[in-house]
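What follows is one structure encoded as structure tokens, with my remarks underneath.
The values are calculated or read from the model by the stated rules, or taken from the named source; none is laboratory data. Fair warning: this is a prediction, and the values are worked out from it, not measured in the lab. Counting neighbours? That spans all protein chains shown, and the Cβs are built from the backbone with ideal geometry, glycine included. Areas reflect the complete protein model, heavy atoms only, side chains present, ligands, DNA and RNA absent. Shrake-Rupley method; radii C 1.70, N 1.55, O 1.52, S 1.80 Å.
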Amino acid sequence: MLTKTYGSAVQGVNAYTITIEVVVSQGTGFFVVGLPDNAIKESQQRVEAALKFRGYRMPRTKVVVNMAPADIRKEGSAYDLPIAVGILHASQQLSTERLGEYVLMGELALDGVLRPIRGVLPIAIQARKEGFKGFILPRENAEEAAIVNNLDIIPVDTMQEAVDFLEGRLDIQPLVIDTRDVFQHTANQYAADFADVQGQENIKRALEIAAAGGHNVIMIGPPGAGKTMLAKRLPSILPPLGMQEALETTKIHSVAGKLGSNASLLNTRPFRAPHHTISDVALVGGGGNPQPGEISLAHNGVLFLDELPEFKRTVLEVMRQPLEERRVTISRAKVSIEFPANFMLIASMNPCPCGYYNHPEKECVCGPGVVQRYLNKVSGPLLDRIDLHVEVTPVTFDQMTETRRAEDSRTIQERVSQARQRQAERFREFPDIHSNAMMPSQMVKDICRINQAGLTLLKTAMERLGLSARAYDRILKVSRTIADLAAADDIRIEHLAEAIQYRSLDREGWAG
């Protein structure tokens, strides 16, 4: 007897429906075909133990499980449930005509209890797209799948519950969540707030400009100056996540298995801070079955690289293309997978190995040439993609003990959102451009026009401060963002003057 059940394979951030065909016939042996990995091949032991524990029998004849299409690699233990149900139906221990209406996924414990799986959200999206009535899955994953409407989400704790539901002996009400209502009530809630930061007004201003224009930032300063503390608060002033952005972000975290159990839609912008020992693959993504890396997990949020010169140079260089294209493509012999990677890069670094070069009070003990070699660890092409260079100085005792509460994140966020709305109006005819930082060079010339006084100031600044040619476009983009924050139609001379301050590493005496 031939039985068909339906599962799903996740590649990149998309899912593909897998038809699991089971035949029980004369002969002996258990065979799984259709490019399964070792975890699927080992499912025989889990399925057999679960069936016996629940009072069913494993056929002692020949069992063939075919996973079609056979040219897509299937990985993981999530196919245990559809294989077990298929065997029960093919061996006439399960009688139902509803198998074709549902996608089934779940890992079986030896006692038939279902364990949670990863990639549930893209599977649910694909199931709805292909017209399935519902999705039977472990209870811990149900809230994540319930983000998708017009699909019956059937949460079960055990294989027995799934069997009873399919046979009609158990009535399980589909889990329904009003995603928009939950999202609106919980969105934009961050633990860290700029109101907690005393002093550092110039750095807060720089981060506000970065958030308003989507600019990348590097902070240079001595240990303990507050670089990490400020970076952690940046997501709280970015515009609130839109519904579509939240869905994209949740999808990536679901595929990577980062949502945890009973998780629903992500409602805050991600903040990722990988350690400097991270490998190239862990940062950009990859592996045998390509998984998203840290830059994709930071999609629609912030990627924070603390102590930038300590990262391996090869790791930093692989970021250059994703920073420009806002996506990363991972190619293998048989498949090419694209992960979105539209993130803001925030980097921090000490000015030298000892940390006190240019410090107002402490003396740098690094020898001649040491500072230069340390700064040169960060390549010019990477710095070329960072718009704002900010020098962070330590907070004084008087500033730390000040009782006046600083401006909170919500207030700053309102100004940032207004500036982003101006940019959305400006770029409404360009669907791939959402912020000033994404403007190509030609568009910068058309949009960021400055008057004769501005040209004179910019020329003088570039000559006197020794600014490199690459600083020109960056200064114009940042000055356009400053003008947007001031609700100004034109770039004025004070906007240019402020933007010029944020090119520290282009000056002679820094990166040379």
If R0 is 22 Å, what FRET efficiency do you get for LYS312 and ARG73 from their C-beta distance, rounded to 0.05?
0.15
Once both label points are put 7 Å beyond Cα along the C-beta direction, the THR329-GLN173 separation in nm becomes 4.9
Sequence ranges 378-387, 19-28, ranked by mean other-Cβ count within 10 angstrom, highest first:
378-387, 19-28
Hey, how many Å between the Cα centroid of segment 358-372 and the Cα centroid of segment 1-71?
65
Using DSSP, restrict attention to beta bridges with both residues in the chain and report what percent are antiparallel, rounded to the nearest 5.
50
Checked segment 346-429 against the a/c 1.5 cut and the a/b vs b/c comparison, axes a ≥ b ≥ c from its Cα gyration tensor; verdict oblate
One checks the Cα atoms of segment 59-115 and finds Rg and Dmax, in Å, of 12.2, 32
State the volume of the convex hull built on the alpha-carbon positions of segment 194-314, expressed per residue in Å³ and rounded to an integer.
132
Considering only ALA437, ALA246, ILE491, whose Cα is most displaced toward the positive end of the charge dipole of the chain, charges sitting on Cβ of Lys, Arg (+1) and Asp, Glu (-1)?
ALA437
Rounded to whole Hz and in sequence order, give me ³J(HN,Hα) for segment 369-374 from the Karplus expression 6.51 cos²θ - 1.76 cosθ + 1.60, θ = phi - 60°, writing x for Gly and Pro.
x, 5, 4, 4, 5, 5
How big is the equivalent ellipsoid of segment 290-365 along its three axes, where each semi-axis is √(5λ) from the Cα gyration tensor, reported in whole Å from largest to smallest?
34, 13, 8
Range of Cα positions in segment 92-229 per principal axis (Å), largest first:
72, 32, 23
Within segment 99-116: backbone nitrogen closer than 14 Å to the LYS52 label point (7 Å, Cα to C-beta):
110-112
Per residue, what volume in Å³ does the convex hull of the Cα atoms of segment 338-487 enclose?
200
Nonlocal amide H pairs with CYS352, under 5 Å, H built at 1.01 Å:
TYR357
Stretch gain in nm, segment ALA497-THR228, where the contour uses 0.36 nm per residue and the Cα spacing is subtracted
94.1 nm
Tell me, what HN-Hα J-couplings in whole Hz come from the Karplus equation 6.51 cos²θ - 1.76 cosθ + 1.60 at θ = phi - 60° for each residue of segment 80-89, using x for Gly and Pro?
4, 5, x, 5, 4, 5, x, 5, 4, 6
In nanometres, what is the gap between the two model label sites at ASN376 and ASN358, each 7 Å from Cα along Cα-to-Cβ?
1.9
Prolate/oblate/rounded label for segment 345-394 (Cα gyration tensor, a/c 1.5):
oblate
Tell me, in nm to one decimal, what length is gained between ARG464 and THR96 on full extension, where the rule is 0.36 nm per residue of separation less the Cα-Cα distance?
124.3 nm
Segment 1-129: equivalent-ellipsoid semi-axes (sqrt of 5 x gyration tensor eigenvalues, Cα, Å)
22, 15, 15
Per-selection metrics, segment 243-373 (Cα): Rg and Dmax in Å:
17.8, 59
Report the extension gain between GLN442 and ASN262 in nm, rounded to one decimal, defined as 0.36 nm multiplied by the number of residues separating them, less their alpha carbon distance.
60.1 nm
Peptides 215-223, 292-300 ordered by average Cβ neighbours within 10 Å, highest first
292-300, 215-223
How large is the accessible surface per residue of the chain, computed with a 1.4 Å probe and reported in Å² as a whole number?
44
If you keep only loop residues by DSSP, which GluC sites (Glu not before Pro) in segment 44-113 have at most 16 other Cβ atoms within 10 Å of their Cβ?
GLU97
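Among 431-440, 449-458, how do they line up from the highest to the lowest mean number of other beta-carbon atoms within 10 Å?
The most tightly packed comes first, giving 431-440, 449-458.
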Would you please give the residues with an amide H less than 5 Å from that of LYS74, counting only those at least 5 places away or on a separate chain, with H modeled from the backbone geometry?
ASP37
Label-reachable residues, segment 485-500, where backbone N falls under 11 Å from a point 7 Å from GLN418's Cα toward its Cβ
485-488
In Hz, Karplus ³J(HN,Hα) per residue of segment 306-313 (6.51, -1.76, 1.60; θ = phi - 60°; x = Gly, Pro):
7, 6, 3, x, 7, 5, 4, 4
Using only the Cα atoms, what convex hull volume per residue in Å³ does the chain have?
172
For VAL156, the residues 5 or more places away or on another chain with a placed amide H closer than 5 Å to its own amide H are LEU137, ARG139
For segment 228-281, rounded, prolate or oblate, judged on the Cα gyration tensor with a ≥ b ≥ c (square roots of eigenvalues), a/c < 1.5 rounded, else prolate if a/b > b/c?
oblate
